[in-house]
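Shown next, in structure tokens, is the structure this report addresses.
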Amino acid sequence: MDKKHPHSDASYRIFPLDGIAFAVEVVIPDMSPTTISFPTEADANSWVEKHKSGVASGETLRRRFYRSAKH
């Protein structure tokens, strides 16, 4: 039997954040909501679509960590 992706029932809400950015609230059943901020509404929408697409394709969950360049 195929295992259901844990984010398959997630809901997404995009809203303005502090008047200068946008946020996506991700609500997954039986988990605490998570909010992710983006500089533009287009970036927020793009992230939601990519996340939905990844979940639909069964993509495994991975965290990506980015290190800033030293100056």
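Rule-based calculations on the coordinates, nothing more; no lab input. This structure is a prediction, so every number in the text was calculated from the model and none was measured. Please note: Cβ atoms are built from the backbone with ideal geometry, for glycine as well, and neighbour counts cover all protein chains shown.
Please give me, ordered by residue number, the trypsin sites (Lys or Arg not before Pro) of the range 1-58 that lie in loop per DSSP and have at most 11 other Cβ atoms within 10 Å.
On the way: sites: 3, 4, 13, 50, 52; in loops: 3, 4.
In loop regions of the range 1-58 (DSSP not H, G, I, E or B), the sparsely surrounded trypsin sites (Lys or Arg not before Pro) are 3, 4.
Which whole-Hz couplings ³J(HN,Hα) result when phi for each residue of the range 15-29 is put into the Karplus expression 6.51 cos²θ - 1.76 cosθ + 1.60, θ = phi - 60°, listed in order with x for Gly and Pro?
Karplus values, whole Hz, x for Gly and Pro: 8, x, 10, 6, x, 10, 8, 9, 10, 10, 9, 10, 10, 10, x.
Could you list which residues have their amide H under 5 Å from that of residue 17, counting only those 5 or more apart in sequence or on another chain, with H placed in the peptide plane?
22, 23
At a Förster distance of 25 Å, what's the computed FRET efficiency of residue 27 paired with residue 56, Cβ-Cβ distance as r, to 0.05?
Efficiency computed from Cβ-Cβ geometry: 0.90.
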